[in-house]
Each structure stands twice: as structure tokens, then as C-alpha cells.
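Written below as C-alpha cells is the structure these notes are about.
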């Protein structure tokens, strides 16, 4: 349903879409049923000359069941939705599958800095690739992300991944994703962060392993120029 | 709380017992209390009468007109920022070019004004003040001067908020939720004066409603007409009482939070500053611990209004009165345990989302119950589609969509995607617009003959109704779609986001904006009808709708003191319509 308009680009996007579909089906059914009953009653019991309204207190269990039964069924559906929603929530937010690589996302008023681990696959080494407003990842790899903020609250949102997580200054908030679709897509800041909140777009570039390796290689020499002594080990570490 | 009430009662010099409301020494209520003491029976100066009155009806009107005026401000704000969204960069007629700073300030103002200065004053303060003494059959509130103070504080809060637009740096632009650190530091929000003023206005407004709430609860507990038992109290009065209790119980943490935030802003403390050992997320807990019950604080009175209107115009007894009452109490109680659904992805412990998901979905049960009960009330009725009835039925029809879309957001797994998108905006406008506007229009058109002794024009009322309802849906259905397609909130120009400028998305934004303009312009019909009818409308009798509750058993408009023939005695419940033992299809509560 959602993927008609927003492509489904991560390993868990389909699960979230499925929960949304389930809720749409259930609530849609109830919504239209309730509206139908409402309009039916309005038309059926419109004022008529000489017809007096019924006197119904609604306290008798026989009368009350007209309200009670829809009610029990609502509860049943609620429970079903809760289980569906929580199971997805646990996969996305409560478990961290083994990572192939970790990226660091640093948000500030009003830009993103993405720290890629570079050729050695590790953060906080001299070959880290820091890019503003562009995150490069490889399709099919599992990523952990570390979110940090330099000033106020921001929120890291990638609609095609169905991923969203607030960033809190003073903490490192962690999470994961696994891209399944190549291409360039929007990254949004979804928590109001001041007057530049609307001009804080970034892009995520999901690449094939080959393209990504080329990108890493292209950016590594500039890094290496700063720290030449590290260069051989890094290149050796390339797959 | 009871001790506070008693103390204040003595302090105010109003001794009273269960059967004797304030001013009891003079059953006609003239010169019984407050400012009227000095004037005796003489007609007070109009300034005193309308601006320094302790009469609950005048105070209700003061709240109503202030609320209507603030709605114009909130409406103008939304007009400006929606124009910017539909036509980015254009010079908006009657405003000019909208900068990012303006945009944020307008969004913040729209949100805070519509909730704190429109929904609360109109639904609770205006209707509570106007209706409670009339519907429970007494001559005034038990603390009339506290009541006057409540309005005066409220008025000051509104003035402070409006003033904050004209200070250096402009009005606060950190959203109505005011999350720190953005709201806490001028270097982040760039509104060094606007932000503290906003917070001050909100805190004053809360103080005003605390005074009002104490008054409402004490009045209903102590001043009911002789014979009016708890289950004879009309649902709308019950709903306002439950809402007042919810408000008073939930606002404490927020006021504490507001004081801490104001210290952070002005004297550099670090309650919410991580660099000084504070925690920004703490504010979110304090805010939403209030913020979610607040939703029900405004919802319940709206539900109450609908109950009054649909029973009267379907000539039916309310289906399962006690169930409605118990579910309202249940909803209120449960509403204290759902707040963190606003924070699923805010960085709270993810396990907490599971608990709050469960409580949030469970609250759909009592709310659905109320809607089912109202639909069931229509069964077997004799339905008259008057203007107030159309509004009441529209409330049910529209609120249903607001209710079911809440499930998407309460379900943690789905909320990951929908959080902070236009889907959320559309969802809460499908709840808040029915609450703050549809129910208010139902109430105003229903009680107008009582308030002013005249009818509003029914034809123009229906024209206003239909155009408003259609344009309302044309605003927010597009916003559901935009939210589902990824539009995130509080963005002043989507052209920076290639994925959000795909085919048709800008068209949806334009459709929403144009529908909004239609909705806003349509309100002129209402305002003209309202003010014209106030002076020139057809004269209304005492009980034009043939309703049962006590407010219809006194003159229209009610004089000072309300019941010139002595306070009524109650013999039955409020919804005895079409009773088989009676010739007429209604049976006033006080008829013998």
C-alpha cells in the first residue's frame, strides 16, 4: 500500500507496510460499517408525522448487547493489532542483528555529517570518510548507526527504509538498517530544530558493492594525504 | 482538593451547604455577591456589568468571545503558512513573504492558540461557566470572584501571547510542544524574548483554568438543585467535571516543567541541558503526561455537547446513561497511562513502547463505546435535522475517522513510519476539528436561543455547515495521503526534498490549501449570522427545542440569578423524551 508511492527499501520496510495494511483493513472495515449504520439510522428514523420515538433506556442487557458485542470484537481486533505491531517493533527497535559496518550520523543546526568507516570498515580510524548531507551505503549489508547531536533534538528519518529515530544531544542513540534497493533517496530531519529545520535535507545513496568500493577509493586518497603513514594498511584492508 | 475548596469558600465569605448555592440569602440572586454588593438592585454601569462581572453567564460570554477572537488569530496563522506550503516563496496576500522564522512562529502559534486559547476556553470555560449553574439549577458558581479572576488571568495570558509577536526576535517558533534544548536556549531558537513570553502565557492560562476547574467541581458537588441526584446530572455537565478533574490532576507536572524550562531560558539552569547534567527527554515526559489527558480534557465536553443535542433532536432517551458516564471516567483514568505514545521514537527505552502501545490501543475501547452509544441512541428516534443536530451528527461521523487513524499511530510498529508526518497532523485534526469546531458549532447553534433569546438563521446555518464540512474533509484527506507518502511536519518548503516533489504531491498540498481558504472564508457566514441574529434574530421562547434540562426552564436569556421564580426542584433524569406515560414527547426535569 505505502510502497505504491514510497519504495520499499530496507529489510524491515515490508514488515512495517504489512502492519499498516493489517490496521487499514481492520479499521477500514469498522469505519465504513459504523458510518453505514450511522447514516442508515439517520435516514430510517427521520421525523415522520404521527410517529413517536421509542422509549429505550439502554440499561437492559438485551438492549446493551447491541453496543457490547461490537465492543468485544473491537477488543479482539485491538489485541491482534497489538501483537502485529509489537512483533515488528521488536525486530526494528529492540534487537540489533550483527552489523557488517557501522556509520555515525552527526546532526546539528542545520546539516548532517555522515561518518563512514572507510576502507578498513572501522570508525574512528584515520581513513574515516566524513561527508556532509550524503550517506553512502551498500545494498544488502547490515548497518548499525550511531546518532549524535551537537545542539538540539533532531530526528533521523529515511522514508524508504520506514526508519525514524530521534537524536538527543548528550547521548549516542543506536539502531540498525539493511538496505535492499539501490539508488538515491531523501533523508529527513523530522524533529523541529529551529529556523533551518525545513532546509536540512540529505540524501542516502545505496550502491552496489562495486560502486561503493569505487566511491570509497575515490575519497580515500584525500584522507590519506592527511595521514600518509596509515595508507598501506588501509589499502591492504580493501576487499 | 476538598480542603482547598472549603478554605476558599470561607475566605470568599460564601457559606453554603448542599442545598444552598452562593447568594442563597436572596433567592432572586440580585446583589447576592461580588461586585454587585455595592450596587444593590440598581443596574450597574455597562463597563462593570460586562468587564467586572461575577455573573457566570457574563464570564462564560467573556471566555466565548475571547476564544472566538483567538480563533481568528489561529485561523489567520494557518492561512499564511498553508499558502506558503502550496505556493512556496509567494508573497501571501495580507501578509507578504513568509520567511522560515515566520513559518515556525506561525505554526507554533496556530497549535498553541487553537488548543489553549480556543478549544479550552470555548469548550470548558465558556460552556462550563454558562451551562453548569443553569443545568444544575442554581443561581451562580460557588466562587464567583474566583471565576472573575480566572477570566482575567486568561485575558492577560492571551494578551501576553499576542504581545510576544511584537518583541525583538519575534514570537516563539519551537512548536507548541516546546521541546528543549531548542526551546531552552535563545542561541538555538533565536527568540530570546518570544520563548519565555510564550511559556509565561501558557503558565498563566493554566492557572486560569485551575481556578475554573476548582469552581466547576465544587459547584456541581454542592449546588445542585433540590432533588437532583448524581445520575440526574446532564452528561455535558458530567463531562466538564471529569475533564476539569483530569486537567487539574495532569497539569501539575507540566507547570513544574514549565518553571524549570523558564529557569533554563532565563537564568541558565540546566534541567533539560545535557551539558549540565540535565535531560531533554524529561520535558517530553512532563509535557505529554499533561498533553495526553489534555486531549480528553477537550474531547469529553465535546462528547457531552453531542449527547445533549442528539437526544433532544432525536427525541430519545440517551442510550445507557450510566455506561456513558463510566466509560468517560474510564477514558479519563486510562488517559494518564498513554502519554509515551508520543515518544515511541524519541529515544526512550524501546521496551516502554510495548506497554504504551497496549494502553493506547485499549483506550480505543471506551472511546468506541461512547460513539456506539450515540449511534444506538438514534435507533427508533424521531430525528430532526436542525443545524445543531447536523453538527452533532457530523461530529460522530468525522470523529470516527480521527479515532480509527489513531490506531495506526498507537501501534508502535506502524508509528515508526507515520511518526512526525502529515498523517499525524491529519489524524489529530480529525479529532481536534470535530472537538474544537464541530462540537462548538453544535453547542453555539443549540444554546444560542438561550444565550441571547433569539434564533440564528437556520438556512444560513445549514449553508455554513455544508461548506465547512466539505472543505474540512478536502483539507485533511489530502494530508493523510501526503503523510503516507512521507511528508514530514513543520517544513516550510518541500522543494528541497526531491522525493517529496514527485507527481501529484504538490497538487495535494494546493488542494488542501485552497480548501482551507474556503473553510476560513465560510466562517464569515457564521460570524455574520451569529452577530446579526444576536440583535435582529427571531425572538425565541423559553424552551424552543422542547428539551428537558433545567437551562430551558428559565427565561431566554436568563436574568441575573437565573431562575426568577425560585430555584427548581428536580424529579427525574435529563433525557426523559417520548416517555410512554406522557402526552408530550418531553418531560422537563423539574416538571411535577
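Please treat every number below as a calculation from the coordinates, not as lab data. Quick caveat: nothing in here was measured; it's all calculated off a predicted structure. Neighbour counts run over all protein chains shown; Cβ positions are idealised from the backbone, glycine included.
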Next on the checklist: What does the C-alpha gyration tensor say about the overall shape of the protein assembly as shown? Classify as rounded when a/c is under 1.5, otherwise prolate if a/b is larger than b/c, or oblate.
Outcome noted: prolate
Item to check | Ranking of B:239, B:505 by count of other Cβ atoms within 10 Å, fewest first | outcome: B:505, B:239
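Let me know the mean shielding of B:480-490 by other chains, meaning the per-residue number of their Cβ atoms within 10 Å of its Cβ. Numbers along the way, then the final one.
Working: counts 0, 1, 1, 0, 7, 5, 12, 2, 12, 5, 7.
The per-residue average across the peptide is 5.
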Checklist entry - How many angstrom lie between the C-alpha centres of segment B:518-534 and segment B:379-399? => result 21
Next on the checklist: Compute the angle between helix A:13-44 and the longest alpha-carbon principal axis of chain A, please, reported from 0 to 90 degrees and rounded to the nearest 10.
Outcome noted: 20
Checklist entry - Taking only Cα atoms, what is the 0 to 90° angle, nearest 10, from helix A:209-226's long axis to the longest principal axis of chain A? => result 50
Checklist entry - Ranking A:96, B:221 by Cβ neighbours within 10 Å, fewest first, what do you get? => result A:96, B:221
Checklist entry - What residue among A:45, A:143, A:185 shows peak mean-square fluctuation when chain A is described by a Gaussian network model with Cα springs under 10 Å? => result A:45
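Looking at chain A, send over the antiparallel percent of its DSSP beta bridges, to the nearest 5.
Working: 27 of 39 bridges.
If we restrict to bridges inside chain A, about 70 percent are antiparallel.
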Checklist entry - Add -39500 (n - 2.57) for each DSSP H run of 4 or more in the protein assembly as shown, then divide by its residues: what number comes out at 222 nm, to the nearest 500 deg cm²/dmol? => result -18000 deg cm²/dmol
Checklist outcome for this item: Placing each pseudo-label 7 Å from Cα in the direction of the beta carbon, residue B:166 and residue A:182 end up separated by a distance in nanometres of 6.2
Next on the checklist: Just to be sure I understand: with springs between alpha-carbon atoms less than 10 Å apart, which residue in A:214, A:99, A:34 has the highest mean-square fluctuation in the Gaussian network model of chain A?
Outcome noted: A:34
Item to check | Theoretical FRET efficiency, 1/(1+(r/R0)^6), r = Cβ-Cβ of residue A:91 and residue A:217, R0 25 Å, to 0.05 | outcome: 0.15
Next on the checklist: If every alpha-carbon in segment B:293-447 counts as one equal scatterer, what log10 I(q)/I(0) does Debye give at q = 0.09, 0.16, 0.17, 0.19 1/Å?
Outcome noted: -0.31, -0.86, -0.95, -1.12
Checklist outcome for this item: Yeah, segment A:2-94 with a ≥ b ≥ c from its alpha-carbon gyration tensor (a/c under 1.5 is rounded, else prolate when a/b outruns b/c, oblate otherwise) is oblate
Item to check | Relative contact order [Cα under 8 Å, 6+ residues apart], segment A:135-208, whole percent | outcome: 40
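Nearest-5 percent of antiparallel DSSP beta bridges in segment A:101-237? Please list the in-between numbers first.
Values: 26 of 38 bridges.
Looking only at bridges with both residues in segment A:101-237, the antiparallel portion is about 70 percent.
Which of the peptides B:580-586, B:102-108 is most tightly packed, and how do the rest follow, going by the mean number of other Cβ atoms within 10 Å of each residue?
On the way: B:580-586: 11.4, B:102-108: 24.9.
By packing density, highest mean first, the sequence is B:102-108, B:580-586.
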Next on the checklist: Need the C-alpha centroid separation for segment B:159-199 versus segment A:93-148, integer Å.
Outcome noted: 34
Checklist entry - If you take the Cα atoms of chain B, find Rg, then find the Kirkwood Rh from the mean of 1/r over all pairs, what is Rg/Rh? => result 0.96
Checklist entry - What does the highest-first list of A:193-205, B:130-142, B:438-450 look like by mean Cβ count within 10 Å? => result B:130-142, B:438-450, A:193-205
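Given N residues in segment B:226-363, what is its alpha carbon radius of gyration divided by 2.2 N^0.38 Å? Before the final figure, lay out each step's value.
Values: Rg = 19.1 Å, N = 138, 2.2 N^0.38 = 14.3 Å.
Normalised Cα radius of gyration, segment B:226-363: 1.34.
So for segment A:51-208, averaging the separation of alpha carbon pairs under 8 Å that are six or more residues apart and normalising by length, what relative contact order in percent results? Mind showing how you got there, number by number?
Numbers: 298 pairs, mean separation 32.4, N = 158.
Relative contact order for segment A:51-208 comes out at 21 percent.
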Checklist entry - Among rounded, prolate and oblate, which fits segment B:477-592 when a ≥ b ≥ c are the square roots of the eigenvalues of its C-alpha gyration tensor, a/c under 1.5 means rounded, and a/b larger than b/c means prolate? => result prolate
Item to check | Cα-Cα P(r), segment A:61-195, percent of pairs per 5 Å interval | outcome: 2, 9, 15, 19, 16, 11, 7, 5, 4, 4, 3, 2, 1, 1, 0, 0
Item to check | Extension gain (nm, one decimal) between residue B:534 and residue B:470, 0.36 nm per residue minus Cα-Cα | outcome: 20.4 nm
Checklist entry - Among bridges DSSP assigns within the protein assembly as shown, what percent are antiparallel (round to 5)? => result 70
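Order A:73-83, A:149-159 from most to least packed using the mean count of other Cβ atoms within 10 Å.
Details: A:73-83: 16.3, A:149-159: 24.4.
Answer by packing, highest mean first, reads A:149-159, A:73-83.
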Next on the checklist: If I model a spin label at residue A:210 and residue B:48 as a point 7 Å from the Cα along the Cα→Cβ vector, what separation in nanometres do I get?
Outcome noted: 9.3
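Over chain B, what relative contact order in percent results from Cα pairs under 8 Å that are six or more residues apart? All intermediate terms of the calculation are to be shown ahead of the outcome.
On the way: 994 pairs, mean separation 95.9, N = 592.
After rounding, I find 16 percent.
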Item to check | Rounded to 10°, Cα long-axis angle of helix B:235-266 versus longest principal axis of chain B | outcome: 40
Checklist entry - Taking neighbour counts of Cβ atoms within 10 Å as a proxy for exposure, in what order, fewest first, do B:117, A:69, A:110, B:52 appear? => result A:69, B:52, A:110, B:117
